[in-house]
Amino acid sequence: MPLHVFMVAECENTAKMGEFRVHHVRFFEWTPKSIQCMSYNSSKQRLALSRCDGSLELWSIKDGWYQEEIIPGIEDQSIEDLVWQGTRLFTAGLDGHIREIDLVKLNTKKSCHSNAGPVWCLASNSAGTRLAAGTEDGCVVLLDTEYNVLEYLTRFDSQDSRILCISWHSGEDLIVTGGIDNIRIWSVSSGKAMQRLTVARTDKNKETVIWSVICLSDMTIVSGDSRGKTSFWNGRQGTLIKSIQSHKADVYCLAVDSTENIVVSSGIDSSVVQFNYIAARENSDWRDWVGTLVHNQHTHDVRAIQIINKYVVTGGVDTNLIQFNLSSIGSDVGHKRHSSENKWKRITPVPQKSLVKVAGDVNVILLQYTYHIEVWRLGFTQNTGNNGDILPLRSNPIKLIQLKTKGGVPIFCSSITQDASFMSYSDCDTLRFYSITLENLTDIQPGVSMKKITPATDSPPDGAHCMCFTSDKTRLVTVTSSSCVQICSIQPASISVEHTFPQLSESLHLLDVSKDDQFAAVADHDCNVHVYNLNSIQHVCSVPRQGHQVSALSFSPDSKMVVMAYTNQKIFEFDVNQMEFSDWTKKHSQSFMNAWLKRKSKITKISYNPNNHNQLFLHDEQLFCILDKTQNFPHIKRSFEELKLEKTTAFHICMKYKFLFHLEVLPDNWLVAVERPQLDLYSSLPEALKRKKFGT
Amino acid sequence: MMTIKKLKGPPRSTCLFQRCSNDVGKACIGPKGSYCVMVNKKEMIVKNLPKNKPVKHRIDRKQEFTCVAGNPNGQCIATGCNDGKIFLWYNFLSEDRAVKTVLHWHSLALRELCYTQDGSYLLSGGHECVLVKWHPESSYKDYMPRLGAPLNHIVCSPNNLLYATCLNDNVIQLVTSNFDIQNVYQGLTRSPHVSNTSNPFPAGVTYDPRSEALVLNGKPGHIQFYSVQEDKQLYNLDIVCQNYISPENLNTPLEVTEVIQASFDSNGEWLATIEYWNDGVMTPEMRLKFWQFNTEKQSFVLNTSVEMPHEDTVHSLVFRPVSSTSTPGMQHMAVTSSSDGKFKIWALVDDTDIYRSNRKWTCESVGFYRNLPAGKAAFSEDGSLLAVLFGSCITVWNPENNLFKVALHNTMLQDTVKHVVFGNHGSSHCLVSTTEKTLTVWSLISCSVLWSASTQIVCLTKDPLTDIVAAFTSSRDLFVFRPIDPTPLFSHAEVSDSTILSAAFVPHSKKSLYEKTTLSWQSQSELYFLNKDQELLAVSMETDRKLAKKKEDVVSFEQNLPQSALSLLMSHHSNKLRPHSSLNKVARQPDGKFMKEMFSSAPHVQPSVTTLCQPFIQSLMILSEERRKQGQNDSDDDDLSEEEDDIRPYQTVSLDSGLESDMEVDTVDTQSVEVINNSKLQTESDSDENEAAVLIKKKTKNKLRNETTVTAICEKLDKVKMFEEKVTDEDLQEIFTQDYSWFSSSSKT
């Protein structure tokens, strides 16, 4: 049971758009997880990111930090390091396995044991044919990944202590590893250590841990250690060039830019320090480095750092991703453009796909956690009040069902029908289906009974990534793990596959079914939107590509239109019958406000107001907006503040809720708003290293 | 051996930078002249010297460069910013490859940066009063805190062993490389006040008879003892005992507790101070402290501290003087007067108990008058009378029993009386007071105006040893006079460049120096005064004849002497400044107006009818007589004298009683002519014989903050010593012969 339950009904008056009573749900106890490591694939422009619970996320940088996929972590499978090889993604964990991730099915494709205990770090050679893993046993394990395999190849001589970080020289066959008190340079061909660089200790009895090491192409080795020092070594001679006390505590991570002139480091003290190469003396190849700028945006330990194009991206225990402009950290280039030094951006861990489903007819909501599902009855009231009033509840919200998955298998998606009579969820492989009977729902103790419906043995439905019930509750439309659209028919005793459409795309991630059960729309990461006819079982049409992904889509109540919100914040309406964009879209597609387009967070849900078909409800984690299609768009240069003063405008924006997980319109002008306040969200974080701050 | 090559022709000079700041810290030349660098607001311009091609670097908005220093190894330039950041620039000769590092400890703008000679350490200083030593290679830093005042300049000795820091309060400290203070050179402490509105010396300047030093505000919360004879600061006495804290923001300076009044008793045993703190938000704090000089410690020790002695600003704090004429065994006494309408008399009482013998100060009595705010207060020379200003009234009290004696009130002038001073010695029956527009001398015997002059006095002080009073006008003119005599002994126009704040006479023993000169009034005490530029000035003889222009300034006043020398003199000055103003009048109570005054003033402030009666009748009598006499003397003045509002040299309403006064008036009138003639002769002979031009001697008040370096200060100190050379007899001889020749030649023509 949750310890604190917030369920408040509030009145919301959104600038003459009508009055709403709001189920202000605050009992969704989703907790963010700290970031463990990151790896950027420049060809795909995707950032792979792992969190401490072993979950993996894929972010599209091209679409302005759109969270494409979340691969939930499996218990006991931690991810310590991530490496891209072309389009293949490898992970290494403390269970001793090196895994290749299937990016379509979102599970493990291949796995290979290190035979040398837990794996701490992973590196790839520049050709993308070998992987090197640093292990607890103190040896480097080489793996063959050529021709799409993942096989154990060989291991180097083992040293007496663990290897915590590893870097493969880009040209020569050299591997640099860091461990306890020393850095070693290995020859790949012989498997023998060529150099051993001893790192000094500050305290005689306290060993120095090398947390991170990078080998530059000119054999300059950069290391970060537990003394808080960032050291630059001449790898050929094995001598220390410079050691800079850049941090107050351990340096966890390092990154170098493509020109190898800038190195950034960060660690427990959460400051990000930039080092620049300066050609120190004339007629000398002595490379001298100076620490230049410090950024302090994180509140907790920084675990991972990456330089992506001209940006530094950092992530750590405080679960946020923070992006700086590297050119503005650097020397004058940024100042000439008069860019302010504080140009940075925070990307919150809030999932960009809704984890909440609402059964609107009976005021029941479903909350999807990683390993369990909760079904709640919302509180209700008959009172009304003025804007901002908190209405007294006649009955409090009650948790009806808590359903745990078997064997620690994570949940991929879930759904519930409008009258809460059926519920379904899917893990990686299988789809599970339940019928629910609710009695005396308005009582203090409603009766709940749940029955599992077994899949038909001859044609069991596949595991799903998205699912949606039709409104007549006879069918369940899913996007399977192999990215096909599948129609399952629901019988009282079993559920069976009715039809599977052929695979049109490898990466479907959004699904919606029209209210008259005739159409289904799906969207993929390649910016396509397909519409299927469920009755005639055929692909109807595709929406013209916009060059940006769709982050939310929905059918209109009359089932004639599909409305789509793109990652560039534009909203398009597509007429399914006419197979063209609607007149409203044609008129307004170029007249969105700049302030609106510049928003960082992506629209996570868009829907029509069932009571007024000209109103669109859309929200992201920061705000929700009612878009009135009958009104004119404001001027392009209007800001949000100026917008509030206008009498009639298409955009009605409410920024009352911070970290809005879900917002849905119910009949009779009720809203369900699932909010997770910032304090609650970060309350589970551990204590950070104390930093002195001037003036406090 | 160093050899100096002789250059042929003048040295060539090239202009490196235009638009350069006059602050030396804002430009720098690299080692061996490899580059030169200049900072100006937001940009730093570096020139590679042989090529002379400028490279510009900029910093962010909101930031501004304040100083620059080049590393002696030539690799790096350090710049200081107004937000306290130090940037170290590498690769500064290329615009796009430049790399900068931040060192940030200072919270306020940096004043100066300095590299040590080998370039390994960087010294920085600013408003925090902390000298910081950076080792940029290892990010190590060391601090030397609580220096007392913001740092202005830092230099490093060539052997790397000593650092010299120049502080904002006119102090140079020599610091060893491990931050031990080796030597301190201190001049007159400069007040940190920079705003134009506030007075940098609220306590003014007073004379400490024991140490024979001038006492004025020093460091924040301190008073400094400054020996004018030796021209050096003796010490700073901490009055408020609070550490100086630099403000969070330079635009909103922190309000510090200031010593607003300081006073010594006649023999220098007791010091009384009032400190005041008011930030406009919290309840103001005020403390009256009495300090006793401890001969063992050779310092003042706190005896009594009184919290909030008054509810409003205190205007004066005076000890009762003890002189040869005063009653022996008189009680130690001090008076404070405040805008809250009260003056308090504090007396020294016995506080001995079984544990110790002690004395303490307590408030003995409180006086007030008509609910008016009290202004300044003054004791008479013998301590038997106390004058306290209340609005436009001067009230005279007996300090022993705090009994009200008399109120002097000039009904014609309703202005608030600003200053009040009792005369000394020969003028001890006189009381000098000033208002916004006039200077008035009262006779305490008749309680009436002796004479009055229309002038704007901003500062009034008296010599404790003679009966001389010095007054400074708002147009910065100096007048020295005796209260009984309206003829000024000495006057000088524009003695200072800025407003005079305070002045004091300092007794000295160099009597012969001033005899038979225009400055003979300084034979007992020298006059020192402070102006708003924080300069301490004195009037002294000048040996250089080139300044004879100023002499003419002095002499020319005597050309056409009128009835009252002072009045015309003053009007002469004021006319020079404001020709339109018609201030040329010596106030004289016309007879009709005397009656008016008599009836208009409140009966309770008037003297008894018997005292009023005689002067009233007498005034009528004198009027007719004087008319006749004046008519005989000067028939041209008939029309003037017939008018009732005519201008007369002396106050006719006055003086003791009956016929005697009649006589006296007559004699005074005739005497005045003589005096005038005498003074004419006197001044002529003065100008002939002495040729003493007047030099305004500026003591060491520094302006080192902006334009001078540490070396320049040393030079300045030397110069000051040069001023003190004495006028030798040969000089006088020379002056005399020259002027005599001029005189004879002019007489021939």
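The values are calculated or read from the model by the stated rules, or taken from the named source; none is laboratory data. Because the structure is a prediction, the values reported are computed rather than measured. Cβ sites come from the backbone with ideal geometry, for glycine too, and all protein chains shown count toward neighbours.
Quick check on my filter: what residues within the stretch A:223-253 are part of a strand (DSSP E or B), more than 10 Å from A:S265 (Cα to Cα) and either more than 14 Å from every other protein chain (Cβ to nearest Cβ) or under 31 Å from the mean Cα position of the chain (by Cα) (or both)?
A:D225, A:W233, A:N234, A:T239
Mind checking which pairs have a first residue in the stretch A:185-198 that is within 12 Å of A:I221 (Cα to Cα) and of a type in the set (V, I, T) and a second that is in a loop (DSSP other than H, G, I, E, B) and at pLDDT below 90, Cβ under 7 Å, 6 or more apart or different chains?
Going by the 7 Å Cβ cut-off, the qualifying pairs are A:I185/A:G235.
Looking at A:I262 and the list (1) touching a residue at least 24 places away in the same chain (Cβ under 8 Å); (2) surrounded by fewer than 19 Cβ atoms within 10 Å (Cβ to Cβ), which single condition is not satisfied?
Result: A:I262 fails condition (2) only.
Give me a count of the residues in the stretch B:233-278 that are at pLDDT 85 or above and in a strand (DSSP E or B).
Residues that pass the stated criteria total 21.
For residues in the stretch B:338-390 being of a type in the set (K, R) and modelled with pLDDT of 90 or more, which is farthest from B:V406 (Cα to Cα)? Explain how you work it out, then say what you get.
Step one: of the stretch B:338-390, the residues of a type in the set (K, R) are B:342, B:344, B:356, B:359-360, B:370, B:376.
Then keep just the ones that are modelled with pLDDT of 90 or more; that gives B:342, B:344, B:359-360, B:376.
Details: B:K342: 17, B:K344: 18, B:R359: 33, B:K360: 31, B:K376: 16 Å.
It comes out as B:R359.
If the requirement is being within 29 Å of the chain's Cα centre (by Cα), over 19 Å from A:T480 (Cα atoms) and not in a strand (DSSP E or B), which of these qualifies: A:Q402, A:Q418?
Numbers: A:Q402 fails: not in a strand (DSSP E or B).
One residue alone meets the criteria, A:Q418.
Of all residues in the stretch B:513-522, which are within 23 Å of the chain's Cα centre (by Cα) and over 11 Å from B:D463 (Cα atoms)?
Going through the stretch B:513-522, the residues within 23 Å of the chain's Cα centre (by Cα) turn out to be B:514, B:518-522.
Correct list: B:Y514, B:T518, B:L519, B:S520.
Tell me the residue from B:I77, B:I86 that is modelled with pLDDT of 90 or more, within 20 Å of A:Y277 (Cβ to Cβ) and within 14 Å of chain A (Cβ to nearest Cβ), please.
Working: B:I86 fails: within 20 Å of A:Y277 (Cβ to Cβ).
When all the criteria are applied, what remains is B:I77.
Would you check if there is a residue in the stretch B:127-141 being in a strand (DSSP E or B) and either within 19 Å of B:K219 (Cα to Cα) or of a type in the set (A, V, I, L, M) (or both)?
As a first pass, look at the stretch B:127-141 and keep what is in a strand (DSSP E or B): B:131-135, B:140-141.
Next, from what is left, pick out any that are either within 19 Å of B:K219 (Cα to Cα) or of a type in the set (A, V, I, L, M) (or both): B:131-132.
Yes.
Pairs only if they're at least six apart or on different chains, beta carbon under 7 angstrom, first in the stretch A:652-681 and at positive phi, second assigned to a strand (DSSP E or B); list them, first residue then second.
What qualifies is A:F659/A:E675; A:N669/A:E19; A:N669/A:F20; A:N669/A:R21.
For the stretch B:142-197, which positions are assigned to a loop (DSSP other than H, G, I, E, B) and touching a Gly at 6+ places or on another chain (Cβ under 6 Å)? Give the derivation first.
From the stretch B:142-197, those assigned to a loop (DSSP other than H, G, I, E, B) are B:145-150, B:157-161, B:168-170, B:177-180, B:187-197; that's our starting set.
Hits for the stretch B:142-197 are B:N170, B:T189.
Tell me, yes or no, whether the stretch A:435-453 has at least one residue that is of a type in the set (G, A, S), closer than 28 Å to A:K353 by Cα and surrounded by fewer than 20 Cβ atoms within 10 Å (Cβ to Cβ). If you could, list the steps in order and put the result at the bottom.
Going through the stretch A:435-453, the residues of a type in the set (G, A, S) turn out to be A:435, A:447, A:449.
With closer than 28 Å to A:K353 by Cα added as a condition, the list becomes A:435.
Imposing the further condition that a residue be surrounded by fewer than 20 Cβ atoms within 10 Å (Cβ to Cβ) reduces the set to A:435.
Yes; the residues of the stretch A:435-453 include at least one that is of a type in the set (G, A, S), closer than 28 Å to A:K353 by Cα and surrounded by fewer than 20 Cβ atoms within 10 Å (Cβ to Cβ).
Looking only at residues that are within 27 Å of A:L504 (Cα to Cα) and polar (S, T, N, Q) in the stretch A:68-107, which one is surrounded by the fewest Cβ atoms within 10 Å (Cβ to Cβ)? Step through it out loud before you land on a result.
Kept after step one, since they are within 27 Å of A:L504 (Cα to Cα), are these residues of the stretch A:68-107: A:68-72, A:84-90, A:100-107.
Subset that is polar (S, T, N, Q): A:85, A:87, A:107.
Details: A:Q85: 19, A:T87: 10, A:N107: 19.
The extreme case among them is A:T87.
Hey, can you tell me all the residues within the stretch A:191-222 that are over 32 Å from the mean Cα position of the chain (by Cα) and in a strand (DSSP E or B)? Before you say what the answer is, go through the steps one by one.
Kept after step one, since they are over 32 Å from the mean Cα position of the chain (by Cα), are these residues of the stretch A:191-222: A:191-208, A:217-221.
Correct list: A:A193, A:M194, A:Q195, A:R196, A:L197, A:T198, A:T220, A:I221.
Would you check if B:R287 is among the charged types (D, E, K, R), in contact with a strand residue (DSSP E or B) (Cβ under 8 Å, 6 or more places away or on another chain), farther than 25 Å from B:C459 by Cα and in contact (Cβ under 8 Å) with a residue 12 or more places away in the chain?
Numbers: among the charged types (D, E, K, R): yes; in contact with a strand residue (DSSP E or B) (Cβ under 8 Å, 6 or more places away or on another chain): yes; farther than 25 Å from B:C459 by Cα: yes; in contact (Cβ under 8 Å) with a residue 12 or more places away in the chain: yes.
Yes: the conditions hold for B:R287.
Would it be correct to say that A:G235 is touching a His at 6+ places or on another chain (Cβ under 9 Å) and crowded, with 24+ Cβ neighbours inside 10 Å?
On the way: touching a His at 6+ places or on another chain (Cβ under 9 Å): yes; crowded, with 24+ Cβ neighbours inside 10 Å: no.
In short, no.
Filter the stretch A:254-284 down to residues that are in contact with a strand residue (DSSP E or B) (Cβ under 6 Å, 6 or more places away or on another chain) and assigned to a loop (DSSP other than H, G, I, E, B) and give me whichever is nearest to the other protein chains (Cβ to nearest Cβ).
Going through the qualifying residues, I end up with A:A280.
Could you please find all residues in the stretch B:349-385 being part of a strand (DSSP E or B) and among the basic types (K, R)?
Listed by number, the residues that qualify are B:R359, B:K360, B:K376.
Looking at the stretch A:336-352, can you tell me whether even one residue there is assigned to a helix (DSSP H, G or I), touching a strand residue (DSSP E or B) at 6+ places or on another chain (Cβ under 8 Å) and either within 14 Å of chain B (Cβ to nearest Cβ) or buried (at least 21 other Cβ atoms within 10 Å of the Cβ) (or both)? Please lay out each step first, then the result.
First pass over the stretch A:336-352, keeping only residues assigned to a helix (DSSP H, G or I): A:336.
Checking the rest, the ones that are also touching a strand residue (DSSP E or B) at 6+ places or on another chain (Cβ under 8 Å) come to A:336.
Cutting the leftovers down to either within 14 Å of chain B (Cβ to nearest Cβ) or buried (at least 21 other Cβ atoms within 10 Å of the Cβ) (or both) gives us A:336.
Yes, some residue in the stretch A:336-352 is assigned to a helix (DSSP H, G or I), touching a strand residue (DSSP E or B) at 6+ places or on another chain (Cβ under 8 Å) and either within 14 Å of chain B (Cβ to nearest Cβ) or buried (at least 21 other Cβ atoms within 10 Å of the Cβ) (or both).
Being within 19 Å of B:G423 (Cβ to Cβ) and not charged (D, E, K, R) is true for just one of B:T499, B:T518, B:T434. Which residue is that? Steps first, please.
Details: B:T499 fails: within 19 Å of B:G423 (Cβ to Cβ); B:T518 fails: within 19 Å of B:G423 (Cβ to Cβ).
Within the list B:T499, B:T518, B:T434, the selection yields B:T434.
Under 6 Å between Cβ atoms, which residue pairs at least 6 apart in sequence (or on different chains) link something in the stretch A:498-527 that is over 25 Å from A:L355 (Cβ atoms) with a partner that is assigned to a strand (DSSP E or B) and small (G, A, S)?
So the pair list comes out as A:E498/A:S489.
Just for strands (runs of 3 or more DSSP E) wholly inside the stretch A:569-688: which have at least 2 residues that are in contact with a helix residue (DSSP H, G or I) (Cβ under 9 Å, 6 or more places away or on another chain) and either over 24 Å from A:S34 (Cα atoms) or not polar (S, T, N, Q) (or both)? Before the answer, list the steps.
Details: elements: A:571-575, A:605-609, A:612-619, A:624-628, A:651-654, A:660-666, A:670-675.
It comes to A:571-575, A:651-654.
Which residue is farthest from the other protein chains (Cβ to nearest Cβ), if the candidates are limited to the stretch B:92-121 and must be of a type in the set (D, E, K, R) and in a loop (DSSP other than H, G, I, E, B)?
First, the residues of the stretch B:92-121 that are of a type in the set (D, E, K, R): B:95-97, B:100, B:111-112, B:118.
From what is left, the residues that are in a loop (DSSP other than H, G, I, E, B) are B:95-97, B:118.
Numbers: B:E95: 7, B:D96: 7, B:R97: 7, B:D118: 16 Å.
The qualifying residue farthest from the other protein chains (Cβ to nearest Cβ) is B:D118.
Starting from the stretch A:625-645, take each residue that is within 19 Å of A:I606 (Cα to Cα) and list its partners that are of a type outside the set (F, W, Y) and in a helix (DSSP H, G or I), counting only C-beta distances under 8 angstrom and pairs at least six apart or across chains.
Listed pairs, sorted by first residue: A:F633/A:H588.
Give the residue, chosen from A:V531, A:V563, A:V550, that is at pLDDT 90 or above and either more than 20 Å from A:K353 (Cβ to Cβ) or surrounded by fewer than 18 Cβ atoms within 10 Å (Cβ to Cβ) (or both). Can you show your working first?
Values: A:V563 fails: either more than 20 Å from A:K353 (Cβ to Cβ) or surrounded by fewer than 18 Cβ atoms within 10 Å (Cβ to Cβ) (or both); A:V550 fails: either more than 20 Å from A:K353 (Cβ to Cβ) or surrounded by fewer than 18 Cβ atoms within 10 Å (Cβ to Cβ) (or both).
Exactly one of A:V531, A:V563, A:V550 is at pLDDT 90 or above and either more than 20 Å from A:K353 (Cβ to Cβ) or surrounded by fewer than 18 Cβ atoms within 10 Å (Cβ to Cβ) (or both), namely A:V531.
Quick check on my filter: what residues within the stretch B:55-74 are in a loop (DSSP other than H, G, I, E, B), surrounded by 19 or more Cβ atoms within 10 Å (Cβ to Cβ) and more than 10 Å from chain A (Cβ to nearest Cβ)?
Within the stretch B:55-74, B:N71 is the sole residue that qualifies.
What number of residues in the stretch A:159-184 are closer than 12 Å to A:S223 by Cα, of a type in the set (S, T, N, Q) and in contact (Cβ under 8 Å) with a residue 40 or more places away in the chain?
So the count comes out to 2.
Being of a type in the set (G, A, S) and part of a strand (DSSP E or B) narrows it down to one of A:S459, A:S435, so name that one.
Working: A:S459 fails: part of a strand (DSSP E or B).
Testing whether each residue is of a type in the set (G, A, S) and part of a strand (DSSP E or B) leaves just A:S435.
Being away from chain A (no Cβ under 14 Å) and acidic (D, E) is the filter here, so list the residues in the stretch B:203-254 that pass it.
Passing the criteria: B:D208, B:E212, B:E230, B:D231, B:D238.
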